[in-house]
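The values are calculated or read from the model by the stated rules, or taken from the named source; none is laboratory data. Small disclaimer: the values here were computed from a predicted structure and weren't measured. Cβ sites come from the backbone with ideal geometry, for glycine too, and all protein chains shown count toward neighbours. SASA here: full protein model, heavy atoms, side chains in, ligands and nucleic acids out. Shrake-Rupley method; radii C 1.70, N 1.55, O 1.52, S 1.80 Å.
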Amino acid sequence: MRIKVVLAKPGLDGHDRGAKVVARALRDSGMEVVYTGIFQTPDSILGAVLQEDAQVLGLSSLSGAHMEYAEELCHLLKENGLGDVLFLVGGTIPDEDAERLKQLGVAEVFGPGTRTGAIVDYINERT
């Protein structure tokens, strides 16, 4: 069974080139990827994870609102029995925020310049 990944861009962040590059790399590695597109809400992202029965959620954020969206999604995942979904965040995330995100339940944070192969390997090793 292929690993299913939902990749989402929350809020008003309209820059999705990086998310599309990651989506293609994950697809090329054999994963099934559902890209929700830009301007998503936490509820719509949760709905995609539920509907797609995804094992992985990737959140891409360049807008600086990553803490609010990731924290809300951590709570929503747990409240809906999806605490086992591998939750990853990527984008321009300061180191101190990355540590806080991990404390909240994000499995890993990938910053600018991360090799797509490193993301593929991380997911394959944990699902």
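A few comments on the model shown:
- Condition check for L12: over 12 Å from the mean Cα position of the chain (by Cα), over 19 Å from Y122 (Cα atoms) and modelled with pLDDT under 95: yes
- Residues being touching a residue at least 40 places away in the same chain (Cβ under 8 Å) and under 22 Å from N80 (Cβ atoms) - total across segment 1-30: 9
- Single residue of segment 54-71 satisfying the filter (at pLDDT 95 or above and not hydrophobic (A, V, I, L, M, F, W, C)) that is surrounded by the fewest Cβ atoms within 10 Å (Cβ to Cβ): Q55
- Candidates are the residues of segment 88-101 that are touching a residue at least 12 places away in the same chain (Cβ under 8 Å) and under 20 Å from R115 (Cβ atoms); the one that is most open to solvent (accessible area, probe 1.4 Å) is T92.
- Output for segment 102-112, where each listed residue is at pLDDT 95 or above and either hydrophobic (A, V, I, L, M, F, W, C) or crowded, with 17+ Cβ neighbours inside 10 Å (or both): V106, A107, E108, V109, F110
- One residue stands out in segment 113-127 among those that are part of a loop (DSSP other than H, G, I, E, B) and without any contact (Cβ under 8 Å) to a residue 40 or more places away in the chain: the one that is surrounded by the fewest Cβ atoms within 10 Å (Cβ to Cβ), namely G113.
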